[in-house]
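Okay, so here's the structure we're looking at.
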Amino acid sequence: MSASLTLTARQRAELARHLLPEDGCEAVAILLCGMARGGNPLRLLVRQVHLIPHEACDRRPDAVTWPTELIVPWLEVADKLGLAVVKIHGHRGYDRFSQTDDESDRLLFPSLYAWVDRAPVHASAILMDDGRLFGRVVSEDGQFQPLQAVHVIGDDIERFDGGGGAAAVPEHGRRIAQTFGGGTFERLRRLKVGVVGCSGTGSPVIEQLARNCIGSLVLVDPDHVEDKNLNRIANTTRDDAEQGRLKVDVAARAIAAMGLGTTVQTLASTLFDPVVVRELASCDVLFGCMDTIDGRHLLNKLATFYLIPYFDLGVKIEADGMGGVNQVCGSVHYLQPGGSSLLSRHVYSLEQVRAAGMMRTDPQQYQRLLDEGYLRGVQEDRPAVVQLNTLIASLAVNEFLARLHPYRLDPNAEHSVTRISLSHGIFEHEADGQPCPVLSRHAGRGDVEPLLDWPELSGGA
Ligand SMILES: [Zn+2]
């Protein structure tokens with residue numbers, strides 16, 4: 001089975017301090033990982049970092065040994081929670097496993113499998129002094145298989161591929177490669193990106209991702225094209241509305257017609273579906289192009305559980321319906337797992353998440369509480385125009401490229417929120433705040449039952 005490893009930039013910084021100390025001798029740590037088992041590769045998601053104290057080890061410049069009983073309490077935790085185990089140590093300049101590493105992995109891993117048998121694989125990884133990481137699955141009988149990739153998610157989105165050379169840049173990708181270089185073009189082609197919502201902001205996001213030659217797209221939207229959509233969904237036609245074609249199918253048709261090699265998977269369902277959650281959990285990047293509060297909250301939670309960078313798009317037009325326009329604005333939020341959230345950034349409150357969920361699952365109860373004044377109403381059918389949607393979609397895709405290939409004068413950390421108001425002449429950005437107390441503690445949990453601790457998502461395995 002092929003596997004990848006994902007950790008946060010905060011976790012890598014903690015590991016670098018421990019694994020690459022001043023004295024130049026090797027050191028070691030144990031990572032306990034949640035998993036996304038729904039796709040290929042199996043994704044290992046760092047949940048807990050346990051540093052083996054330097055003084056407990058026999059440390060030399062090219063090897064480290066330690067008494068195995070030191071890690072037994074952590075293996076018990078891994079076994080109880082069903083987490084995979086990754087042993088990680090540091091190398092300076094030497095970008096492969098040494099013969100000593102081979103011998104020590106073959107010695108250690110049989111006992112790992114004996115202690116922790118609920119995870120299908122365990123792995124060994126190396127952190128380099130330049131921040132790169134690589135690793136391998138070590139099977140129970142001591143066979144090695146390189147990790148397909150290691151992902152580090154922070155202010156930047158980093159990916160280190162485990163093998164396979166870059167293919168030549170095709171003619172249709174040359175202008176992208178001229179802008180960002182062949183390395184970034186290759187990374188775009190290897191990415192799997194999920195887009196939830198294929199309507200107003202979703203369709204221009206999809207258009208731009210496909211034209212940037214993203215390797216594979218997962219498109220989620222339950223709705224059919226209607227007359228009222230034709231003013232703002234890219235690539236829709238009168239015929240699509242008359243035939244009632246699915247929005248995801250229209251998007252997939254447009255991408256296929258482009259002929260740029262992007263593969264597409266369509267899911268004509270909502271986010272509140274275990275099949276959709278599992279598929280999105282296998283993505284490298286997520287875009288949320290929804291206007292429902294409970295949908296945005298669930299996607300933020302999914303991105304946290306599965307350590308996936310998440311771009312949230314919001315647009316708002318306040319108009320009186322008779323031509324009076326009070327406000328035209330939009331925002332792009334970049335959310336990194338373990339960092340702040342839409343909730344902690346006060347985009348909405350938990351009250352509003354509950355109200356939106358009730359409107360979706362129990363409309364009668366929702367209406368009753370609304371009439372009795374117990375609820376603040378959820379806004380529906382708001383005004384929307386293609387030129388604002390496309391602007392916000394472009395900001396989001398530029399934000400994504402800036403994270404993949406940092407090009408701004410300021411560091412990416414300064415740009416966690418981008419806000420624009422066309423009515424008030426505002427174009428501003430904000431730094432990330434404190435980690436969200438509600439969501440950040442779930443970072444790296446991966447598959448649990450029910451999925452995402454969300455009762456509606458139980459079963460369906
Ligand atoms: Zn080594």
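Before moving on, here are some points about what is shown:
- Overall, the stretch 307-425 carries a charge dipole of about 240 debye about its Cα centre when +1 sits on the Cβ of Lys and Arg and -1 on the Cβ of Asp and Glu, all other atoms neutral.
- Between the residues Cys25, Pro67, Leu42, the greatest Cα displacement towards the positive end of the dipole of the stretch 3-161, with unit charges on the Cβ of Lys, Arg, Asp and Glu, is found for Leu42.
- Judged by the mean number of other Cβ atoms found within 10 Å, the most tightly packed of the peptides 277-287, 401-411 leads the ranking 277-287, 401-411.
- Given charges at beta-carbon only (K, R positive; D, E negative), |dipole| of the stretch 3-161 in Debye: 540
- For the stretch 184-290: rounded, prolate or oblate by the Cα gyration tensor [a/c cutoff 1.5]: oblate
- For the peptides 422-428, 43-49, the ranking by mean Cβ contacts within 10 Å, running from highest to lowest, is 43-49, 422-428.
- Phi to ³J(HN,Hα) by Karplus 6.51 cos²θ - 1.76 cosθ + 1.60 over the stretch 122-139, Hz, x for Gly, Pro: 10, 9, 10, 9, 10, 9, 8, 5, 9, x, 5, 9, 8, x, 8, 6, 10, 7
- With Cα atoms as the point set, the stretch 103-154 shows a radius of gyration and Dmax of 12.2, 35 Å.
- Phi-based couplings in Hz for the stretch 200-210 (Karplus 6.51, -1.76, 1.60; Gly and Pro marked x): x, 8, x, 5, x, 5, 4, 4, 6, 5, 5
- For Ala63, the residues whose modelled amide H falls within less than 5 Å of its own, excluding neighbours fewer than 5 places apart on the same chain, are Glu26.
- Degrees, to the nearest 10: 174-190 long Cα axis against longest axis of the chain: 70
- Evaluated at q = 0.21, 0.26, 0.28 Å⁻¹: base-10 log I(q)/I(0), Debye formula over Cα of the stretch 249-316: -0.99, -1.22, -1.27
- The Cα-based radius of gyration of the stretch 102-255, divided by its Kirkwood radius, gives an Rg/Rh of 1.14.
- Length added when fully stretched, Thr361-Val72, from 0.36 nm per residue minus Cα-Cα: 99.5 nm
- Beta bridges by DSSP in the chain, antiparallel share as percent, to the nearest 5: 60
- Contact order for the chain, expressed relative to its length and based on alpha carbon pairs under 8 Å spaced 6+ residues apart, stands at 14 percent.
- Helix 72-81 axis, angle to the chain major axis (alpha carbon atoms, nearest 10°): 30
- Cα-only Debye scattering, the chain: base-10 log of I(q)/I(0) at q = 0.11 Å⁻¹: -0.91
- Gyration tensor verdict on the stretch 3-161 (Cα atoms; rounded if a/c is under 1.5, prolate if a/b is larger than b/c, oblate otherwise): rounded
- In a fully extended conformation the segment linking Asp79 and Glu55 would gain 6.0 nm over its present Cα-Cα distance, using 0.36 nm per residue.
- Most to least packed among 125-133, 91-99 [average Cβ atoms within 10 Å]: 125-133, 91-99
- Evaluating 6.51 cos²θ - 1.76 cosθ + 1.60 at θ = phi - 60° for every residue in the stretch 355-364, the Karplus couplings come out as 4, 5, x, 5, 4, 6, 9, 8, x, 5 Hz, glycine and proline recorded as x.
- Cα-centre dipole for the chain with unit charges at Cβ (Lys and Arg positive, Asp and Glu negative), debye to 20: 580
- Nearest-ten-degree value, helix 9-19 long axis tilted from longest Cα axis of the chain: 10
- Annotation for the stretch 281-318 versus the stretch 98-174: alpha-carbon center distance of 28 Å.
- Under 5 Å, built H, 5+ apart or other chain: amide partners of Thr236: none
- Reciprocal mean inverse distance between Cα atoms of the stretch 310-461 - Kirkwood radius, Å: 18.1
- Charge-dipole axis of the stretch 241-331 as Lys and Arg at +1 and Asp and Glu at -1 on Cβ define it, positive-most pick from Gly288, Val264, Leu246: Val264
Quick note: the coordinates plus some simple rules give every number you see, no bench work behind them. These numbers come from a predicted model, not from an experiment. As a convention, Cβ positions derive from the backbone with ideal geometry for all residues, glycine included, and neighbour counts pool all protein chains shown.
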